Amino acid sequence: MRIYPEQLAAQLKRQLLPVYLVSGDEPLLQQECCDLIRREARAGGCTVREVVEAGGARFDWREILHNATSMSLFAERKLVELRLPSGKPGAEGSKALCEFLELANPDDVLLMVTGKIDKQSTKSKWYQALDRAGATIQVWPVDAGKLPGWLRARVESAGLHIDDDALQLLCDRVEGNLLAAVQEVEKLKLLASDAHISAATVTAAVSDNARYNLFEMADNALKGDAATSLRMLHGLRGEGSEPVVVLWALAREIRSLHELQLDCAAGHNVQQAMKARRVWPQRMPLVQAALARHDSESMSQLLERAARVDGSIKGYAGGKPWDNLEDLVLGLCRGDR
């Protein structure tokens, strides 16, 4: 059966199902759904957790069948966590998943975690089999119009109160990245006095950000300052930043540039296009400088590089995430004009 992320906690309290499929490209919400399932599985007696990574081309789907038929040493219930970043098991994987459901111990729990699954794939035999056996949960990004409400709820759940202007400033800062939003809320908890967050508190959090600021790094890349951008990228890595958050900041700029490039190709003036896309006036010179360096071919290459970074983070593409991020930063700085 299909359930929505906000319904998951209540469903788990009623019954722990034998199968859960959590799909989507919103890392925070997906992680929180998986954490709920893991916690309830432990509470329900699943003392053994086995993780199966099915991301590589050489993955042998017989491994998941082995998990279905093997018993733990003391016959404990187990949670089998199958990770398939692509969301596409192929013919062999589809067959193996259907067989797994037939062979698996009914006391065990399967948690399958995938990337976004397209509409056509939801009609496939393997997906339908999982849906009948348990619950399918599709995680979607929070719409821009719903972000203020979502963020306010997060702030209040942390025991804080936030002013309307501070909330808008915070929404502008995170621009839809929920992982970054949660990190900002945690930072504000440390800075807020009397559990109250004002616009000044948010501004202080911005100025008190890590020594190597993520957004400043992206701005330097737009400007074309490769040396500074790489130095800040290395600093972010040294301070423990997650590659997925760094990719989000860079990919956001690249997508914005691509949209502006398409607007200009359609005959729009660059200044009008930037205003229509709500580019902040103080950032317009940076964006215009980047547009001047890149043509449609180099922009396509940047999008491909961003996809490569995403694949390396999720484990189904070659290269190390930080090396690929460095390549992406250099590409954004240099251009091909």
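Annotations
- Among residues that are surrounded by fewer than 17 Cβ atoms within 10 Å (Cβ to Cβ) and over 19 Å from the mean Cα position of the chain (by Cα), Glu297 is included.
- Residue satisfying all of: in region 301-322; without any contact (Cβ under 8 Å) to a residue 12 or more places away in the chain and in contact with a Ser or Thr (Cβ under 8 Å, 6 or more places away or on another chain); nearest to Pro243 (Cα to Cα) among these: Lys320
- In region 113-158, residue nearest to Leu170 (Cα to Cα) [restricted to those that are among the small types (Gly, Ala, Ser) and not in a helix (DSSP H, G or I)]: Ala158
- Residue match in region 174-184 (condition: part of a helix (DSSP H, G or I) and more than 24 Å from Ser256 (Cα to Cα)): no
- Residues of region 90-110 satisfying the condition of being farther than 18 Å from Leu79 by Cα and either of a type in the set (Asp, Glu) or not assigned by TED's automatic domain parsing to the domain that holds Gly44 (or both): Glu92
- Residue list for region 159-173, restricted to those being farther than 18 Å from Asn213 by Cα and either part of a loop (DSSP other than H, G, I, E, B) or at pLDDT below 85 (or both): Gly159, Leu160, Asp163
- Residue in region 278-294 that is nearest to the chain's Cα centre (by Cα), counting only those that are surrounded by 13 or more Cβ atoms within 10 Å (Cβ to Cβ) and more than 26 Å from Glu242 (Cβ to Cβ): Val279
- In region 188-212, of all residues being at pLDDT 80 or above and either of a type in the set (Phe, Trp, Tyr) or crowded, with 18+ Cβ neighbours inside 10 Å (or both), the one that is nearest to Gly240 (Cα to Cα) corresponds to Leu188.
- Total residues in region 4-35, condition under 19 Å from Leu130 (Cα atoms) and surrounded by fewer than 18 Cβ atoms within 10 Å (Cβ to Cβ): 5
- Selection of first residues in region 176-197 that are at positive phi and of second residues that are surrounded by fewer than 13 Cβ atoms within 10 Å (Cβ to Cβ), restricted to Cβ pairs under 9 Å at least 6 apart or on distinct chains, gives the following pairs, ordered by first then second residue: Gly176/Asp143; Gly176/Ala144; Ala195/Gly159.
- Condition check for Leu97: aliphatic (A, V, I, L, M), closer than 30 Å to Val52 by Cβ and part of a helix (DSSP H, G or I): yes
- Selection over region 13-56 of residues that are at negative phi and not in a strand (DSSP E or B) gives a count of 29.
- Look at (1) under 18 Å from the mean Cα position of the chain (by Cα); (2) of a type outside the set (Val, Ile, Thr); (3) buried (at least 16 other Cβ atoms within 10 Å of the Cβ); (4) assigned to a helix (DSSP H, G or I) and you find that Arg255 fails only one, number (3).
The values are calculated or read from the model by the stated rules, or taken from the named source; none is laboratory data. Note that this is a predicted model, so its numbers are computed, not measured. Positions of Cβ are backbone-derived with ideal geometry, glycine not excepted, and every protein chain shown enters the neighbour counts.
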